[in-house]
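Chemist: Mind having a look at this structure? Questions to follow.
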């Protein structure tokens, strides 16, 4: 064994492994994409075996680069994963009984609508902190049990296991575990299933009964930094000691350990989490109440908001409009834009997320003039990310009055590398924006949780002290202009809403 930590990051489109040293600096990495399946409109599936096999291959590729010669295997493995994606498998054969239903999948919309019409959403929110939506695992699991021949009978006989992707990978990784295969998850993944009572810390019998889900097929829920068995698949045993859903792992990687701290990850969409400490805050603005991480049996809660389109708006400029050839082109174009033009782009391509939750809204552009061109489109696209983030933060402030007005936002994800977008974000928030020196925050968070469990990493307060910013963006816009621009955005949003 060495003082290195292996992080396995199983994402929606690719699987990646990163080996970190004892100072949590990346040493080596490997990544592999896998196939996405779209059998019907609104359906998104993965082959669960692809998720497993790519995980094995990327780990072996990292070891081939760094471990083979020295024979020094990592002291621990941390796992982070795409959340809500649902896998059901036969415990006797180890084979999935159906394709994995991905978090993006909307096939259970009608089921959710019926439950909502029956008045069940309030019960779900009270118990789980979530909205009644196909996004979460519960109705996906019920669908697999209902639509797969013989599944209900197998479930009643105790043969079937359910898990989000972390649980599926742990089950397979622990094939040779001394105590047998481990069927477990952590609190951050459990709380995204819509089956977990975040107040009691248990699977919720009322919701399971309503959906016909046997509690016996659900995994044991453990801390985010805990014993998840060991894997013996790589020549030497490696203990699995850290598990967290991807957005929560990024929260840990950003060292957002104090109440009031907030991180926002800018990928295809955007996920913002606000640490609310030991208090689960019930949102009045349709934000989600979730668990940020759980250590020593104690959950730390968060408010979460989702923006559907962040980096995807840049992809639209490239692939839809053809006005750029590379995402980096938006920086120069935005800087060239005419400051006298006030163009607003509302990227509601698939509806609006938090705090609006308007699935029927569609994208719109306001303020076009004869002189509007590619530069103005690029600037409006980048600015839309800042405006949407402010919408989230305004809602969070309304939900949790303890949020300090001068909270610094910590950012990560691909779009955080764009200085124009991050400067505008600071300007429209009227608050600093910190971009970390280590941008691998999701994998870093999983590695930290694993290292914490084997005493390689310091306690959270000490870890927070070594967090470093690569860049800090401070507000440069005066208050009057900030108000004018945000008022214009608010007007554009209300014109776009389907119920306006």
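Read the figures in this text as sums done on the coordinates, not as results from a lab. On a predicted model such as this, the values are computed, not experimentally measured, just so you know. Cβ sites come from the backbone with ideal geometry, for glycine too, and all protein chains shown count toward neighbours.
Chemist: Subtract the Cα-Cα distance of residue 398 and residue 235 from 0.36 nm times their separation in residues, and report this length gain in nm to one decimal.
Modeler: So the chain would gain 53.4 nm between residue 398 and residue 235.
Chemist: Any chance you could get the radius of gyration and Dmax over the Cα atoms of the chain, in Å?
Modeler: Reported Rg and Dmax, both Å: 22.4, 71.
Chemist: Where does segment 397-500 land on Rg(C-alpha)/(2.2 N^0.38 Å)?
Modeler: 1.39
Chemist: Using helices alone, I'd like the mean residue ellipticity at 222 nm for the chain: each DSSP H run of four-plus residues gives -39500 (n - 2.57), total over residue count, nearest 500.
Modeler: -10000 deg cm²/dmol
Chemist: Sorting check: for 135-143, 415-423, 55-63, which peptide has the highest mean count of neighbouring beta carbons within 10 Å, and how do the rest follow?
Modeler: Going from most to least packed, we get 135-143, 415-423, 55-63.
Chemist: I'd like the projected area of segment 377-437, averaged over all directions, using the convex hull of its alpha carbons. Report it in nm² with one decimal.
Modeler: Seen from a random direction, the Cα hull of segment 377-437 projects 4.2 nm² on average.
Chemist: If you don't mind, another one. Taking 0.36 nm per residue of separation and subtracting the Cα-Cα distance, what length does fully extending residue 360 through residue 148 add?
Modeler: 73.2 nm
Chemist: Right, something else. Where does each of 234-247, 206-219 land if you order them by average Cβ count within 10 Å, highest first?
Modeler: Going by the mean number of other Cβ atoms within 10 Å, highest first, we get 234-247, 206-219.
Chemist: Now for a separate question. Listing 256, 191 from the residue with the fewest other Cβ atoms within 10 Å to the one with the most, what is the order?
Modeler: Ranked by crowding around the Cβ, least crowded first: 256, 191.
Chemist: Sort largest first and round to whole Å: the equivalent ellipsoid semi-axes of segment 10-162, each the square root of five times a Cα gyration tensor eigenvalue.
Modeler: 35, 18, 15
Chemist: Between segment 260-278 and segment 20-61, what is the C-alpha centre distance in whole Å?
Modeler: Here the answer is 23 Å between Cα centres.
Chemist: Let me ask you something else. Got the relative contact order for the chain handy, in percent, Cα pairs under 8 Å and 6 or more residues apart?
Modeler: Dividing the mean separation by the residue count of the chain yields 14 percent.
Chemist: Out of all DSSP beta bridges with both ends in the chain, state the antiparallel percent to the nearest 5.
Modeler: Of the beta bridges lying entirely in the chain, close to 70 percent run antiparallel.
Chemist: Take the alpha-carbon centre of segment 349-416, take the same for segment 283-341, and report the distance between them in whole Å.
Modeler: When both Cα centres are located, 7 Å separates them.
Chemist: Something else about it: Sort 289, 85, 12, 474 so that the residue with the fewest other Cβ atoms within 10 Å of its own Cβ comes first and the one with the most comes last.
Modeler: So the residues, fewest neighbours to most, are 474, 12, 289, 85.
Chemist: Another one. List 221, 87, 165 from most exposed to least, where exposure is judged by having the fewest other Cβ atoms within 10 Å.
Modeler: Sorted ascending by nearby Cβ count, the order is 221, 87, 165.
Chemist: Below 8 Å, C-alpha to C-alpha, sequence gap of six or more: please give me the relative contact order for segment 5-247 in percent.
Modeler: 20
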